[in-house]
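Undergrad: Here it is, the structure in full.
The values are calculated or read from the model by the stated rules, or taken from the named source; none is laboratory data. Computed from a predicted structure; not experimentally measured. Using ideal geometry, Cβ is built from the backbone for each residue, glycine included, and neighbour counts are taken over all protein chains shown.
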Amino acid sequence: RYQGIKNGIGNTRYSGQVPLTTTQSGSTYTMADGARGGHKTYNLNHGSSGTGTLFSQTNDTWGDGTNTNAATAGADAHYGAAETWDFYSNTFGRSGIRNDGVGAYSRVHYGNNYVNAFWDDSCFCMTYGDGSANNNPLTAMDVAGHEMSHGVTSATANLTYSGESGGLNEATSDIFGTGVEFYANNPSDPGDYLIGEKININGNGTPLRYMDKPSKDGASLDYWTSTAGNKDVHYSSGIANHFFYLLSEGSGTKVINGVSYDSPTVDGLPVTGIGRSKALQIWYRALTTKWTASTNYAAARTGTLAAAGELYGTSSNEYNAVMDAWAAVAVGS
Ligand code: ASN
Ligand code: ZN
Ligand code: CA
């Protein structure tokens with residue numbers, strides 16, 4: 001009786017046809033990824049507790065690209081979890097969310113018309129609603145990377161989810177969720193500095209958030225103010241998302257993978273980007289070795305400067321770009 005890791009195929013909603021790592025046991029295939037810490041994907045079938053049922057079938061091709069086939073959202077979630085695992089492994093040498101080689105699990109089809117997705121430390125799992133009309137599942141790549149990255153933040157700096165530290169926690173998930181999307185390099189969902197551009201969360205196809213100019217969503221902050229800590233963490237995150245965009249790509253106009261950006265600076269002074277790869281290394285090093293639960297924006301600046309100094313030297317152009325990008329969002333001097 002054959003048992004082992006298999007190379008399945010997923011027909012996803014948002015990422016086209018993708019490889020899926022599954023498990024075969026006899027004549028049954030399950031959405032269990034033996035190559036990535038045993039990550040499993042479950043169907044809640046509109047329930048809101050427990051794990052529902054592990055996706056399981058007698059062939060290894062999953063979903064049909066529509067949300068009427070339950071395995072479609074499962075395929076998106078399973079693929080998103082795999083790409084997120086690979087992103088952390090290949091970019092930072094991190095083995096899973098806790099860096100202990102253990103996979104989390106995913107649950108899809110949570111509740112009814114549930115327009116959200118979330119990470120939960122207590123189950124070490126992420127959960128996805130089906131969105132409006134139960135037909136816009138929140139299973140896109142950047143959302144998957146965002147939610148799993150909440151687990152990484154919990155396992156490292158553990159930034160408190162309120163006030164300025166909460167904004168930094170949220171931004172960390174947007175930053176690494178974006179890192180995952182660029183890493184996956186999927187032709188149906190190419191990398192961008194938008195969050196939630198695939199899930200039609202506003203009903204008109206616009207993204208949930210914009211990193212080049214966060215205020216484009218009508219609520220997020222482009223720049224630090226003394227009242228930033230009073231904002232919802234999904235809005236105070238804008239300051240750090242904007243910092244990360246500026247550090248990566250620089251200020252002004254730019255077109256990347258067909259998307260146009262125009263990133264302002266509070267002082268009108270230009271910022272020259274150092275590239276996304278270096279910006280990701282600086283953010284990760286700060287998160288995992290400099291920050292604590294109570295880190296605020298001023299301390300985030302200090303931590304990223306320390307990280308950049310260790311990685312590239314304190315006279316490096318990368319170090320100076322970190323200073324410039326924080327100044328451009330009104331953090332520090
Ligand atoms: N999807 C939201 C998030 O990950 C859930 C929440 O508000 N925590 O930020
Ligand atoms: Zn979040
Ligand atoms: Ca995106």
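Undergrad: If you go through segment 242-263 one residue at a time, do you hit one that is within 16 Å of ligand 1 (Cβ to nearest atom), touching a residue at least 60 places away in the same chain (Cβ under 8 Å) and part of a helix (DSSP H, G or I)?
TA: Looking through segment 242-263, none of the residues is within 16 Å of ligand 1 (Cβ to nearest atom), touching a residue at least 60 places away in the same chain (Cβ under 8 Å) and part of a helix (DSSP H, G or I).
Undergrad: Show the residue pairs meeting these rules: Cβ distance below 9 Å; 6+ apart or different chains; first residue within segment 117-137 and under 16 Å from residue 81 (Cβ atoms); second residue of a type in the set (D, E, K, R) and part of a loop (DSSP other than H, G, I, E, B).
TA: 124/98; 137/13; 137/130
Undergrad: I'd like the full set of residues that are within 16 Å of ligand 2 (Cβ to nearest atom) and among the hydrophobic types (A, V, I, L, M, F, W, C), limited to segment 223-249.
TA: Passing the criteria: 233, 239, 240, 244.
Undergrad: Considering only residues that are among the aliphatic types (A, V, I, L, M) and within 11 Å of ligand 1 (Cβ to nearest atom), look in segment 115-143 and name the one that is nearest to residue 180 (Cα to Cα). Outline the logic, then answer.
TA: Filtering segment 115-143 down to residues among the aliphatic types (A, V, I, L, M) leaves 115, 117, 126, 133, 138, 140-141, 143.
Filter again for within 11 Å of ligand 1 (Cβ to nearest atom), leaving 115, 117, 126, 138, 143.
Working: 115: 22, 117: 17, 126: 16, 138: 16, 143: 10 Å.
Checking each candidate, the answer is 143.
Let's see how each residue does on (1) closer than 16 Å to residue 138 by Cα; (2) assigned to a helix (DSSP H, G or I); (3) out of contact with any Leu (no Cβ under 6 Å at 6 or more places or on another chain); (4) touching a residue at least 24 places away in the same chain (Cβ under 8 Å):
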{"residue": "165", "(1), (2), (3), (4)": "no, yes, no, yes"}
{"residue": "173", "(1), (2), (3), (4)": "yes, yes, yes, yes"}
{"residue": "179", "(1), (2), (3), (4)": "no, yes, no, yes"}
{"residue": "192", "(1), (2), (3), (4)": "no, no, yes, yes"}
{"residue": "198", "(1), (2), (3), (4)": "yes, no, yes, yes"}
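Undergrad: Under 12 Å from the mean Cα position of the chain (by Cα) and at pLDDT 95 or above: does that describe residue 129?
TA: The answer is no for residue 129.
Undergrad: Looking at this structure, is residue 115 away from ligand 3 (no atom under 16 Å from the Cβ), crowded, with 21+ Cβ neighbours inside 10 Å and over 24 Å from residue 263 (Cα atoms)?
TA: On the way: away from ligand 3 (no atom under 16 Å from the Cβ): yes; crowded, with 21+ Cβ neighbours inside 10 Å: no; over 24 Å from residue 263 (Cα atoms): yes.
Criteria not met by residue 115.
Undergrad: Here's something else I'd like to know. Under 9 Å between Cβ atoms, at least 6 apart or on separate chains: pull out the pairs that start in segment 140-157 with a residue that is under 25 Å from residue 188 (Cβ atoms) and assigned by TED's automatic domain parsing to the domain that holds residue 209 and end on any residue that is within 14 Å of ligand 3 (Cβ to nearest atom) and modelled with pLDDT of 95 or more.
TA: Cβ pairs passing all conditions: none.
Undergrad: Then there is this: Hey, among the residues in segment 281-332 that are of a type in the set (Lys, Arg) and part of a helix (DSSP H, G or I), which one's surrounded by the fewest Cβ atoms within 10 Å (Cβ to Cβ)?
TA: Here the answer is 285.
Undergrad: Residues 67, 45, 90, 7: which one is crowded, with 16+ Cβ neighbours inside 10 Å and touching a residue at least 24 places away in the same chain (Cβ under 8 Å)?
TA: Exactly one of 67, 45, 90, 7 is crowded, with 16+ Cβ neighbours inside 10 Å and touching a residue at least 24 places away in the same chain (Cβ under 8 Å), namely 67.
Undergrad: Now for a separate question. Based on what the data block shows, is residue 307 farther than 23 Å from residue 213 by Cα, under 24 Å from the mean Cα position of the chain (by Cα) and in contact (Cβ under 8 Å) with a residue 12 or more places away in the chain?
TA: On the way: farther than 23 Å from residue 213 by Cα: yes; under 24 Å from the mean Cα position of the chain (by Cα): yes; in contact (Cβ under 8 Å) with a residue 12 or more places away in the chain: yes.
It is true that residue 307 is farther than 23 Å from residue 213 by Cα, under 24 Å from the mean Cα position of the chain (by Cα) and in contact (Cβ under 8 Å) with a residue 12 or more places away in the chain.
Undergrad: Within segment 25-42, identify whether any single residue is within 24 Å of the chain's Cα centre (by Cα) and either farther than 30 Å from residue 288 by Cβ or assigned to a helix (DSSP H, G or I) (or both), and answer yes or no.
TA: no
Undergrad: Given the condition within 11 Å of ligand 3 (Cβ to nearest atom), small (Gly, Ala, Ser) and farther than 20 Å from residue 279 by Cβ, answer yes or no: does some residue in segment 185-197 qualify?
TA: The answer is yes; a qualifying residue exists.
Undergrad: Same structure again: On the given criteria, is residue 132 crowded, with 22+ Cβ neighbours inside 10 Å and either touching a strand residue (DSSP E or B) at 6+ places or on another chain (Cβ under 8 Å) or over 28 Å from residue 100 (Cβ atoms) (or both)?
TA: Judged against the criteria, residue 132 is not a match.
Undergrad: Same structure again: Hey, any hits in segment 250-260 for a residue that's of a type in the set (A, V, I, L, M), within 16 Å of ligand 2 (Cβ to nearest atom) and more than 25 Å from residue 305 (Cβ to Cβ)?
TA: No - not one qualifying residue is present in segment 250-260.
Undergrad: Just give me the residues in segment 264-280 being in a helix (DSSP H, G or I) and either polar (S, T, N, Q) or in the same structural domain as residue 97 (by TED's automatic domain parsing) (or both), in sequence order. Walk me through it before giving the result.
TA: Narrowing segment 264-280 to residues in a helix (DSSP H, G or I): 276-280.
Within segment 264-280, 277 is the sole residue that qualifies.
Undergrad: Pick from 309, 238, 275, 313: which is touching a Ser or Thr at 6+ places or on another chain (Cβ under 9 Å) and either modelled with pLDDT under 95 or at positive phi (or both)?
TA: 275
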